[in-house]
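Reviewing the structure listed below.
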Amino acid sequence: MEDGIGLAEKMLALPGLGVLEVEESVGEVVVRVESTRCRAVCPSCRQRAEAQDRVEVHLRDAHCFGRPARLVLVKRRWRCRRPSCVAKTWTERIAGVAARQVLTVRAGMEVCRQVGQLCRSVASVADEYGVAWDTAWAAVVLHGRPLVDDPRRVRNVGGLGVDEHCFLAATRQHRTIFATVLVDLDRRRVIDLFEGRSSVRLRNWCAKRPKRWLAGVRVVALDLTDTYRSGLSPHLSHSRHVADPFHVTRVANRTVDGVRRRIQNEQLGHRGRKEDPLFKIRKLLLKGAERLDEQGRERMLLGLRVGDPADELLAAWLAKESVRDLYLTGDPAEAAVLLDKAIIACRADDVPEIASLGRTLDRWREEILNHHRTGASNGPTEGQNFCAKQVKRAGRGFTRFDNYRLRALLYAGGVTRPATIQAPRLSRTRPH
């Protein structure tokens, strides 16, 4: 440590390597190193080998004081002394330098962290390190795949959330491709993703899980999709299925919108325009009754009096409010009474949209009431679903689902990354 070489080796922090030369080139720092190992044993016959020659390997290392660093590694090529040995020659292996990789191990781990944890695009990280896109992505796969496949990441799941989002928009070549997200409701992390939203694929995903893992799932929260509900059978039939309150309320809101659009077309012969009385109150109709002030209530009643002569839209609004009343109470028995009243009233109504709402509520009666019994919802699923969409935005779109799945799990999957050294906090000294 008394000379400059010792200081450079200390800053390099790669055991087994000695620094030969450090020079500053255009846009980077070039560090020339070699291994300090002077003896080797043949991996085949276990005899002592002899040095044959040296080869230079150029590697991209982690940044050095804010500048890109190039590591020129002078590796020894060893040769076995026995003529009959099958090993012949080989190059030495050095800790911290992976074979056939342009990036060192610590540089590859940093690239994986930048792409996965910080949700940066692969192209931007590759440009920062001066490597090709394929090289940066190979580092993400090499260091990120073991983190995603770690079984400890998804163990002991008590609440499971299921939801979907658009993976690829429709084009002339294919329809809209969806992705299904499965979320741990308790830990609020993404468990897995698979392409599509069919019941068959969800059933196949459940079939691949261990029986002990499936037995630990007590609650499954999902939206009002029959495909997901049928896909949970038979592997998760023992768990309580919960219909998300947001999606139940959205079905009621869609009923109000459907009735409003139909009345406008029947009376005016066109879609809603800003001068139409029902179009002016479209947002007030979707607002909760307890959130309407006196002025808003008068505007809504005036619009209904002018544009809804048969009181069909008023009936749809009352049906929507009866659905929302379910979630104003926390008592399961009282919620069951309110839900049964809403189902009977909606199914007996002459408006087809309201009758359809009643049939939907009747089909999902147990799932709707399970929210009051368990308190579970799809809120954590929607939040983690948004994180997966952020990955898609950062990557400017994906064409391969496997790449998208890996990046989404690295960002929102709750992976356990290697422990990093916490830097001591610097405190600014103040003058007396």
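Could you list all residues from region 220-279 that are among the basic types (Lys, Arg), touching a residue at least 12 places away in the same chain (Cβ under 8 Å) and surrounded by fewer than 20 Cβ atoms within 10 Å (Cβ to Cβ)? I'd like the intermediate steps shown before the answer.
If we filter region 220-279 for residues that are among the basic types (Lys, Arg), which is where we start, we get 229, 240, 250, 254, 260-262, 271, 273-274.
In the following step, the residues that additionally are touching a residue at least 12 places away in the same chain (Cβ under 8 Å) were identified as 229, 240, 260, 262.
240, 262 - these are the residues of region 220-279 that are among the basic types (Lys, Arg), touching a residue at least 12 places away in the same chain (Cβ under 8 Å) and surrounded by fewer than 20 Cβ atoms within 10 Å (Cβ to Cβ).
Residue-wise test of (1) of a type in the set (S, T, N, Q); (2) outside any strand (DSSP E or B); (3) open to solvent by 60 Å² or more (accessible area, probe 1.4 Å); (4) without any contact (Cβ under 8 Å) to a residue 40 or more places away in the chain.
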residue	(1), (2), (3), (4)
23	no, no, yes, yes
30	no, no, no, no
33	no, no, no, no
39	no, yes, yes, yes
43	no, yes, yes, no
46	no, yes, yes, yes
49	no, no, no, yes
56	no, no, yes, yes
60	no, no, no, no
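If I filter region 370-396 down to residues being without any contact (Cβ under 8 Å) to a residue 60 or more places away in the chain and not aromatic (Phe, Trp, Tyr), which single residue comes out as most open to solvent (accessible area, probe 1.4 Å)?
Here the answer is 393.
Which members of region 178-219 meet the condition of being in contact (Cβ under 8 Å) with a residue 40 or more places away in the chain and open to solvent by 40 Å² or more (accessible area, probe 1.4 Å)?
187, 188, 189, 195, 218 - these are the residues of region 178-219 that are in contact (Cβ under 8 Å) with a residue 40 or more places away in the chain and open to solvent by 40 Å² or more (accessible area, probe 1.4 Å).
Confirm whether residue 302 is under 21 Å from residue 251 (Cβ atoms) and in a helix (DSSP H, G or I).
no
Here's the yes/no breakdown for (1) in contact with a Cys (Cβ under 6 Å, 6 or more places away or on another chain); (2) farther than 24 Å from residue 186 by Cβ; (3) touching a residue at least 60 places away in the same chain (Cβ under 8 Å); (4) open to solvent by less than 70 Å² (accessible area, probe 1.4 Å):
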residue	(1), (2), (3), (4)
313	no, yes, no, yes
329	no, yes, no, yes
335	no, no, no, yes
345	no, yes, no, yes
352	no, yes, no, no
358	yes, yes, no, yes
368	no, no, yes, yes
402	no, yes, no, no
416	no, no, yes, no
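When you scan region 119-138, do you find a residue that is modelled with pLDDT of 90 or more, part of a strand (DSSP E or B) and in contact with a Phe, Trp or Tyr (Cβ under 9 Å, 6 or more places away or on another chain), even just one?
No, the conditions are met nowhere in region 119-138.
Name the residues in region 160-209 that are within 18 Å of residue 392 (Cα to Cα) and aromatic (Phe, Trp, Tyr), would you?
167, 178, 194, listed by residue number.
The values are calculated or read from the model by the stated rules, or taken from the named source; none is laboratory data. Given the structure is predicted, the values throughout are model-derived calculations rather than measurements. FYI the Cβ positions are ideal-geometry reconstructions off the backbone, even for glycines, and counts take in every protein chain you see. Please note that ligands, DNA and RNA were not included when accessible areas were found on the heavy atoms of the full protein model with its side chains. Shrake-Rupley method; radii C 1.70, N 1.55, O 1.52, S 1.80 Å.
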